[in-house]
Amino acid sequence: MATVKSARKVDLQDSGSDLSEQIKAATQETHVRAETTQLMSNFQKGQITRTQYKVLLCSLYEIYTALEEEMDRNSSHPAVAPIYFPQELDRTEALESDLEFFLGPQWRSKIIFPAATHRYAQRLREIGKEKPELLVAHAYTRYLGDLSGGQVLGKLAQKALGLEGTDGLSFFSFPGVNSANRFKQLYRSRMNSIELTEEQRSDVLQEAVDAFNFNIQVFDDLQKMLSVTLESAEKPKESSRRALFPSASSVQITVGLCVGLVTMGIGLYSF
Ligand code: HEM
């Protein structure tokens, strides 16, 4: 990910002057990369297991908690207020209910996520404190994504995991949004109403590219976690065999993933 300011120039092609158009053009290439990560490619083929889905939900929970806490804290900031739609968009409660469904009442103690998720959440908290005008880049990346390709992913997850009704799928459901397309239009017009200096606009566009890259890194880290777990599962030591293959309860999955991550030295943060 580009982190040096001098290297930060996003390609706007002929994208007009609206922020919504510029941000779409600026993130077009990283959107393709996000869509084609191994985790997302498998997801699109309906190849998602319960374990993959659970660890994805854990990471999303960490990310949305940070995003929504920072949005709430900055809700009256002039660059946040126009795109502040907690009732329509907030995902934290939906994720809590999905995690409880999959991990049980003690779900909070079972949350695990890789280092990339921790870095993403840290960045959200940093800009919430220091540059709230950049929050629009992250809110756009996640919420408009959830209302676009995310809707298809919800249906694929339901089928692949054999879920009944909406149990475990609240994340994909937006009861406060009647028409995703109309809501996205409203959201874009609100984005376009935000007043930004040229420098701030350029920083927002770069932050959106970074936001996609944070997501890509999370997907890649999750994929690595899961691959290592599977490899360990193929050649387990006696102690890890017990941890990896009992009745597939979440605590045991957690321990299995920890074994994999410690082996790889990626680092695991839990709270
Ligand atoms: C399996 C992976 C994905 C698929 C199939 C997918 C598909 C799509 C499609 C078809 C649209 C266009 C919808 C429309 O024009 O109304 C879209 C828009 C969008 N997607 Fe994705 N997407 C995927 C992953 C992601 C990821 C991982 C992110 C970011 C974390 C993301 C963020 C967005 C955003 C922000 C938009 C709105 C673009 C705009 O109109 O400005 N997508 N996606």
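We did not get these values from a lab; they are worked out from the coordinates using the rules stated. Given the structure is predicted, the values throughout are model-derived calculations rather than measurements. No Cβ is skipped: glycine too gets one built from the backbone with ideal geometry, and neighbour counts run over all protein chains shown.
Can you give the local net charge around I112? Use residues other than it whose beta-carbon is closer than 10 angstrom to its beta-carbon, Lys and Arg +1, Asp and Glu -1. Mind dumping the intermediate values first?
Working: positive: K54, K110; negative: E62.
Summing Lys and Arg as +1 and Asp and Glu as -1 gives +1.
Quick one: net charge of L156's neighbours, Cβ under 15 Å, K/R +1, D/E -1?
+2
With +1 assigned to the C-beta of every Lys and Arg and -1 to the C-beta of every Asp and Glu, and no other charges, what is the dipole magnitude of region 16-218 about the Cα centre in debye, to the nearest 20?
660
For every other residue with a beta carbon closer than 13 angstrom to the beta carbon of L67, add +1 if it is Lys or Arg and -1 if Asp or Glu, then tell me the sum.
For residues surrounding L67, the net value is -4.
Quick check on the exposure proxy: order F183, F171 from fewest to most C-beta atoms within 10 angstrom.
Ranking F183, F171 by Cβ neighbours within 10 Å, fewest first, gives F183, F171.
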